[in-house]
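Asker: Below are the structure tokens for one structure; questions will follow.
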Amino acid sequence: MLPFLNKYLPAAYNTYYEPFVGAGAFLFNQQPAKAIINDVNPELINCYRVIKDLSTDLLVDLQKHSNSKEHFYKIRELDRDEKFGQLSPVERASRIIYLNKTCFNGLFRVNKRGQFNVPFGRYKNPNIVNADIIQSISRYLNDNHITILNTDFAKAVETAQRGDFIYFDPPYDPLSDTSSFTGYSLTQFGKAEQERLRDVFDALTRKGCFVMLSNSSTGFIAGLYADYNIISVQASRNINSVVAGRQKIDEFLVLNYTP
């Protein structure tokens, strides 16, 4: 999506907000000097905070991991143990980065108990200790005014003011009854949450903020944002258990401004 997101950026803005930051591709592509980023996933946000404040310790801890099925399941099963809460922030960040690099398709998915449940990926040479990337991200987070939150998306943008730019990349509205992916966290993101997000979009618009949102090209989303500028784009999807399913699909970019 990056080429489209960059194409439709506002010409200028003040603070950047990303309430569903995920892997931060858009954030790191722009590298704004002032940003507020957020995600509902506490393990992900712990990673960002550790990379910012304890990157050297993290790189040391990552070196203990090996690319073997036995070690993978040993590390994956840690969140089934009552002692999981006793792991240090560095150990938790190291664990989730290792699992992401070695699990099937690089997915983050949990079961109803909040336990990571993606199987081993069987990759020959995954880059578990990517020192260049971790150090680069650490420098960016420390050299700029970046606030890292772990809260509800609506709370994450409460401080937004006129001239700020907010990019929403929420869990997408499913294209069909069987295509919904709900395993990212214990928080479900259904129609009611999509409607609540639209209400936040409206409130930010009234404040005079620049707001961009990406979502599925469904009739439901088109109806929610009928009063805004909806642009249909074709984006590649690379995560699918069936290779033939990794193809371009139509998605919506919704803007409250003229690009």
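Asker: Which of the following residues is touching a residue at least 60 places away in the same chain (Cβ under 8 Å), surrounded by fewer than 19 Cβ atoms within 10 Å (Cβ to Cβ) and among the charged types (D, E, K, R): ASP81, ASP132, ASP164, ASP152? Spell out how you get there, then give the answer.
Answerer: Working: ASP81 fails: touching a residue at least 60 places away in the same chain (Cβ under 8 Å); ASP132 fails: touching a residue at least 60 places away in the same chain (Cβ under 8 Å); ASP164 fails: surrounded by fewer than 19 Cβ atoms within 10 Å (Cβ to Cβ).
Sole residue among the options that is touching a residue at least 60 places away in the same chain (Cβ under 8 Å), surrounded by fewer than 19 Cβ atoms within 10 Å (Cβ to Cβ) and among the charged types (D, E, K, R): ASP152.
Asker: What pairs can you find where one residue is in region 1-18 and closer than 16 Å to ASN256 by Cβ and not assigned by TED's automatic domain parsing to the domain that holds GLY208, the other is of a type in the set (D, E, K, R) and assigned to a loop (DSSP other than H, G, I, E, B), and their Cβ atoms are less than 8 Å apart, with a gap of 6+ or different chains?
Answerer: Partner pairs satisfying both residue conditions: none exist.
Asker: May I ask you to list pairs of residues, at least six apart or on different chains, whose Cβ atoms are under 9 Å apart, with the first in region 45-69 being over 11 Å from ILE96 (Cβ atoms) and without any contact (Cβ under 8 Å) to a residue 40 or more places away in the chain and the second being among the β-branched types (Val, Ile, Thr) and surrounded by fewer than 20 Cβ atoms within 10 Å (Cβ to Cβ)?
Answerer: That search, which allows pairs on different chains as well, returns SER66/ILE128.
Asker: Consider GLY114 against the criteria (1) in a loop (DSSP other than H, G, I, E, B); (2) free of Cβ contacts under 8 Å to residues at least 12 places away in the same chain: it satisfies all of them except one. Which criterion is unmet?
Answerer: Going through (1) in a loop (DSSP other than H, G, I, E, B); (2) free of Cβ contacts under 8 Å to residues at least 12 places away in the same chain one by one, GLY114 breaks only (2).
Asker: Continuing with this model, one more query. Taking the stated definitions as given, is ILE137 surrounded by 15 or more Cβ atoms within 10 Å (Cβ to Cβ), more than 23 Å from ASN38 (Cβ to Cβ) and either in contact (Cβ under 8 Å) with a residue 60 or more places away in the chain or not charged (D, E, K, R) (or both)?
Answerer: Working: surrounded by 15 or more Cβ atoms within 10 Å (Cβ to Cβ): yes; more than 23 Å from ASN38 (Cβ to Cβ): no; either in contact (Cβ under 8 Å) with a residue 60 or more places away in the chain or not charged (D, E, K, R) (or both): yes.
Answer is no for this residue.
Asker: If I filter region 207-227 down to residues being in contact with a strand residue (DSSP E or B) (Cβ under 7 Å, 6 or more places away or on another chain), without any contact (Cβ under 8 Å) to a residue 60 or more places away in the chain and over 18 Å from ARG162 (Cα atoms), which single residue comes out as surrounded by the most Cβ atoms within 10 Å (Cβ to Cβ)?
Answerer: For region 207-227, the residue satisfying everything is ASN215.
Yes or no, residue by residue, for (1) at positive phi; (2) over 20 Å from the mean Cα position of the chain (by Cα); (3) part of a helix (DSSP H, G or I):
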site	(1), (2), (3)
TYR73	no, yes, yes
PHE84	no, yes, yes
ARG95	no, no, yes
VAL129	no, yes, no
SER136	no, no, yes
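Asker: So, of the residues in region 185-218 that are among the small types (Gly, Ala, Ser) and either in a strand (DSSP E or B) or touching a Gly at 6+ places or on another chain (Cβ under 9 Å) (or both), which turns out to be nearest to TYR8 (Cα to Cα)? Can you show your working first?
Answerer: Taking region 185-218 as the starting set, the residues that turn out to be among the small types (Gly, Ala, Ser) are 185, 190, 192, 203, 208, 214, 216-217.
Of the ones still in play, those that are also either in a strand (DSSP E or B) or touching a Gly at 6+ places or on another chain (Cβ under 9 Å) (or both) are 185, 208, 214, 216.
Details: SER185: 30, GLY208: 17, SER214: 12, SER216: 17 Å.
Only one residue tops the list, namely SER214.
Asker: In region 175-187, is there at least one residue being at pLDDT below 95, acidic (Asp, Glu) and surrounded by fewer than 19 Cβ atoms within 10 Å (Cβ to Cβ)?
Answerer: From region 175-187, those at pLDDT below 95 are 175-187; that's our starting set.
Still in the list and also acidic (Asp, Glu): 177.
Still in the running and surrounded by fewer than 19 Cβ atoms within 10 Å (Cβ to Cβ): 177.
Yes, region 175-187 contains at least one residue that is at pLDDT below 95, acidic (Asp, Glu) and surrounded by fewer than 19 Cβ atoms within 10 Å (Cβ to Cβ).
Asker: Considering each residue of region 1-50, count those that are touching a Lys or Arg at 6+ places or on another chain (Cβ under 6 Å) and more than 25 Å from LYS207 (Cβ to Cβ), and give that number. If you could, list the steps in order and put the result at the bottom.
Answerer: Looking only at region 1-50, we keep the residues that are touching a Lys or Arg at 6+ places or on another chain (Cβ under 6 Å), and these are 15, 46.
Add one more test, that the residue is more than 25 Å from LYS207 (Cβ to Cβ), and what stays is 46.
Looking only at that region, the number is 1.
Asker: So, of the residues in region 219-244 that are assigned to a loop (DSSP other than H, G, I, E, B) and modelled with pLDDT under 95, which turns out to be farthest from ASN100 (Cα to Cα)? Spell out how you get there, then give the answer.
Answerer: Filtering region 219-244 for residues assigned to a loop (DSSP other than H, G, I, E, B) gives 225-228, 237-242.
Those left that are additionally modelled with pLDDT under 95: 237-242.
Numbers: ARG237: 18, ASN238: 15, ILE239: 13, ASN240: 16, SER241: 16, VAL242: 19 Å.
That would be VAL242.
Asker: Does region 165-172 include one or more residues that are more than 16 Å from the chain's Cα centre (by Cα), modelled with pLDDT of 95 or more and not basic (Lys, Arg)?
Answerer: Residues of region 165-172 that are more than 16 Å from the chain's Cα centre (by Cα), as a first pass: 165.
Within this subset, residues satisfying the condition of being modelled with pLDDT of 95 or more are 165.
Applying the additional criterion that residues be not basic (Lys, Arg) yields 165.
Yes, region 165-172 has at least one match.
Asker: Looking at PRO89, PRO119, which is the one that is within 15 Å of CYS47 (Cβ to Cβ), touching a helix residue (DSSP H, G or I) at 6+ places or on another chain (Cβ under 8 Å) and modelled with pLDDT of 95 or more? Don't jump to the end; show me each part of the working.
Answerer: Details: PRO119 fails: within 15 Å of CYS47 (Cβ to Cβ).
That would be PRO89, the only listed residue that is within 15 Å of CYS47 (Cβ to Cβ), touching a helix residue (DSSP H, G or I) at 6+ places or on another chain (Cβ under 8 Å) and modelled with pLDDT of 95 or more.
The values are calculated or read from the model by the stated rules, or taken from the named source; none is laboratory data. As the structure is a prediction and not an experimental result, all values here were calculated from the model. Positions of Cβ are backbone-derived with ideal geometry, glycine not excepted, and every protein chain shown enters the neighbour counts.
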